[in-house]
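Notes follow once the structure below has been shown.
Nothing in this text is a laboratory measurement; each read-out follows from the coordinates by a stated rule. If you're wondering where the values come from, they're calculated on a predicted model, not measured in any experiment. Ideal geometry is used to build each Cβ from the backbone, glycine not excepted, and the neighbour counts take in all protein chains shown.
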Amino acid sequence: MKNAFLIVGLIYISFLSAIGQNNESIKAKRQMESLDRGIVAVRKSPEEVFISWRLLGTDPAKTGFNLYRGNQKLNKKPLTLVTNYTDKTATDEVYTVKAVVKGKEESASASCKVWQQSFLKIPLNRPAGGTMEKEVVSNRPDQANRPAGNTPADNRTDQLLQDRHQYTYAPGDASVADLDGDGKAEIVYGSSAYDDNGEPLYTTGMGHGDAMHLSDLDPDIPGLEVWAVKETKGLGGVLHSAADGKILFSVPGEGDTGRGTAADIYPDHRGFEMWSSTSKGIYSVKGVKITDKVPSVNFRIYWDGDLQDELLDKSFIDDWDYVNHKPVRLLDASEFGGSSINGTKATPVISADILGDWREELILRGSDNASLLLFTTTIPTEYRLYTLMHDPVYRLGVAWQNVVYNQPPHLGFYIGDGLNNVPIPNIFTIKSPAISSK
Ligand SMILES: [Ca+2]
Ligand SMILES: [Ca+2]
Ligand SMILES: [Ca+2]
Ligand SMILES: [Ca+2]
């Protein structure tokens, strides 16, 4: 099932590439979704409502916002520094936001009602007595069905079409990003990478594994880097350059290293940190061991408002206390009936910036299996960043998050130094034509 998504993705990327080749002027510009303000309001306490909304990647840099509770404007001057607001009110009214560009107030966003809790329960309309094919329910093919090595995706299509029940190739790790800056995406999976035209770029020869993280992990080295764990060779993890496969460092491990994470959790170590289920500690992006402690080895998420990552595992979001090297629980979603999926992988249904400001939302399975629970943060942040969904690397990450063993999306740039040098995304959006009633 997941491989079918991968194939569709490959076709889609090829399609985008073909468009790019026909028009040099839009060569590096990517089309992204036309999004609204995504305004969300959550009752945080009997006296407070927390509201946040989207800045778009296409908004002019000095865009401000006016926030309204009902018809009442809550701010004196347009809000230009943040896209969140804590409203001291005990009553529940609807909120809207209006962008202010060059002193002119634009039309109102869609309005939102106040959620009474920090999550939205989304009932699932399950067919009565319905069951699903085992292969569809199962997240992954059986381990025994997995062949060795990595096979280019194209070779597998015929087999897939002939009999998808016998289709066995199953990479555990993949990522997609523009590695050479030409506006077209490359695919990294296993130890290898493929150009937008399907031509192989390199292989590190280290086999594949079950987790891969691609971002600007080391801001002092040009381009993007990949942290990946491996099933063989006794490796606890390998950092390599995403564009050319150059090995930057590896750490010893043992056997099949099944889990690995890269996230920026130490503000006093520039760049990301990385660890795995066999790394016996956390390493800086320069390969220096910071501590023997090992945090949860699963997802990362932006939640508490600083510019480092928080850790997401099972139904928990933890901050990492980088002084004492230990987790500090921020959210236990199981208290609200939230459960992870994918067995021991214990992943969310999805994590992505889909509402409100740039912090990420967490969607879990309701433990009753009859609902999804969407959690959004109510912690203010002093930082303003456009929606992560307008960063192409992140947007692709959300698309592949469920393609292989679920891994969290990452940005295509490093924010740990602050947001002053965040790139303006080279994107354009096309508003969907209004749906005709005729
Ligand atoms: Ca490219
Ligand atoms: Ca880099
Ligand atoms: Ca760091
Ligand atoms: Ca968000």
Counting C-alpha atoms alone, how compact is the stretch 392-434: give Rg to one decimal and Dmax as a whole number, in angstrom.
13.8, 41
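Regarding the stretch 318-414, what whole-number volume in Å³ per residue does the convex hull of its Cα atoms give?
136 Å³
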To the nearest whole percent, what portion of all C-alpha pairs in the stretch 284-361 is separated by more than 18 angstrom?
46 percent
The summed charge of the Ala263 Cβ neighbourhood (under 9 Å; Lys/Arg +1, Asp/Glu -1) stands at -3
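Around Asp321, under 13 Å between beta carbons, what's the net of Lys plus Arg minus Asp minus Glu among the other residues?
Cβ neighbours under 13 Å give a net charge of -3.
Test of understanding: express the Cα radius of gyration of the stretch 264-327 as a ratio to 2.2 N^0.38 Å, with N the residue count. Can you show the working numbers first?
On the way: Rg = 10.9 Å, N = 64, 2.2 N^0.38 = 10.7 Å.
Ratio of Cα Rg to 2.2 N^0.38 Å: 1.02.
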Please turn the phi angles of the stretch 321-326 into ³J(HN,Hα) values with the Karplus equation 6.51 cos²θ - 1.76 cosθ + 1.60 (θ = phi - 60°), one per residue in order, whole Hz, x for glycine and proline.
6, 7, 7, 9, 6, 8
When the gyration tensor of the stretch 33-117 is built from Cα positions, what are the square roots of 5 times its three eigenvalues, in whole Å, from largest to smallest?
22, 13, 11
Residue by residue through the stretch 279-287, which ³J(HN,Hα) values in whole Hz follow from phi under the Karplus form 6.51 cos²θ - 1.76 cosθ + 1.60 (θ = phi - 60°), with glycine and proline marked x?
7, 6, x, 9, 10, 6, 5, 8, x
Treating only Lys and Arg (+1) and Asp and Glu (-1) as charged, each at its beta carbon, one finds that the stretch 38-119 has a dipole about its Cα centre, in Debye to the nearest 20, of 260 debye
Cross-link partners of Lys29 among lysines (Cα-Cα below 18 Å; sequence separation of 8 or more within a chain):
Lys184, Lys431
If the cut-off is a Cα-Cα distance under 17 Å, which lysines reach Lys44, setting aside same-chain residues fewer than 8 apart in sequence?
Lys88, Lys113, Lys121
A correct Karplus calculation of ³J(HN,Hα) over the stretch 43-51, with 6.51 cos²θ - 1.76 cosθ + 1.60, θ = phi - 60°, whole Hz and x for Gly and Pro, returns 6, 8, 7, x, 10, 9, 10, 9, 10
Enumerate the lysines that Lys326 could reach by cross-link, defined here as Cα to Cα under 22 Å, with residues fewer than 8 away along the same chain left out.
Lys280, Lys286, Lys289, Lys293, Lys314, Lys345
Taking the convex hull of the alpha carbon atoms in the stretch 208-341, what volume per residue do you get, in Å³?
106 Å³
